[in-house]
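Heads up: the structure comes next, in C-alpha cells.
The values are calculated or read from the model by the stated rules, or taken from the named source; none is laboratory data. The structure presented is a predicted model; accordingly, all values stated were derived computationally and were not measured. Please note: Cβ atoms are built from the backbone with ideal geometry, for glycine as well, and neighbour counts cover all protein chains shown. Surface areas here come from the heavy atoms of the whole protein model, side chains and all, with no ligands, DNA or RNA. Shrake-Rupley method; radii C 1.70, N 1.55, O 1.52, S 1.80 Å.
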Amino acid sequence: MQFMGPCLLSSQVRKMTEFYTMLLQTTAEGDDVHAAINTHSAALSIYNPNSGEPNQWSTEGSDGRRKFTLGIRCDDVDAEYQRLTALGVEVLAPPETHPWGWRSMSLLDPDGNMIDVACPAMV
C-alpha cells in the first residue's frame, strides 16, 4: 500500500481549492464536488459531502474538536510568513523555533482546519 494523502471535507470546494492552490503555489483540477490539488508529494483532495452523491463521509467529530493538523514543509517559514500575510492570510501563531529543531507557524484554512507550516530551524 501507499499513502495518498488527506481529503478535506468541505461544502466550499472552490473557496478551499483557491486557498490551497495559493498556499501551495500550485494548480488544481476539479469542480464544486471534488478537487485534486497538484503537489510534488502526497495528494490533497477536497470533497463536498453535501453534494447529493452517495457517500460515507461525515464532517462532524464526536466531540466537535479538531482531530488533525495539516503539516506543510517549506524551505523558509519566515519568507512564507511574509508572503502569506501580504496576501491577507491570518496567521494564528507567527514563526517560532521549537526545542525539537523545527521552526513553524500556524494558520487556518477557510473551513477552520489547522495548518502548520514548518522547516528545519537554522542553527
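Could you work out the local net charge near Met105, counting Lys and Arg as +1, Asp and Glu as -1, over the other residues with Cβ closer than 9 Å to its Cβ? Intermediate results must be reported in sequence, preceding the final value.
On the way: positive: Arg103; negative: Asp78, Glu80, Glu96, Asp116.
Here the charged neighbours net out to -3.
Using the alpha carbon gyration tensor of the chain, what are the three equivalent-ellipsoid semi-axes (square root of 5 times each eigenvalue), largest first, in whole Å?
27, 16, 14
First compute the accessible area of the chain with a 1.4 Å probe, then give the percent of it belonging to carbon and sulfur atoms.
Details: 4110 of 8090 Å².
Carbon plus sulfur share of accessible area: 51 percent.
What's the extension gain from Val91 to Arg73 if we count 0.36 nm per residue and subtract their Cα-Cα distance?
Here the answer is 4.9 nm.
Between His98 and Ser41, how high is the FRET efficiency from 1/(1 + (r/R0)^6) when r is the Cβ-Cβ distance and R₀ = 22 Å? Nearest 0.05.
With R0 = 22 Å, the Cβ-Cβ based efficiency is 0.50.
Go through Glu96, Glu80, Glu29 and list them by solvent-accessible area, largest first, probe radius 1.4 Å. Can you show the working numbers first?
Details: Glu96 90, Glu80 40, Glu29 125 Å².
Descending accessible area places them as Glu29, Glu96, Glu80.
How much area per residue is accessible in the chain when the probe is 1.4 Å and only protein heavy atoms are counted (Å²)?
66 Å²
Could you give the length gained by full extension between Glu18 and Asp111, i.e. 0.36 nm per residue of separation minus their alpha carbon distance, to one decimal place? Don't jump to the answer; show the numbers that get you there.
On the way: separation 93, 0.36 × 93 = 33.48 nm, distance 1.24 nm.
Taking Glu18 through Asp111 to full extension adds about 32.2 nm, to one decimal.
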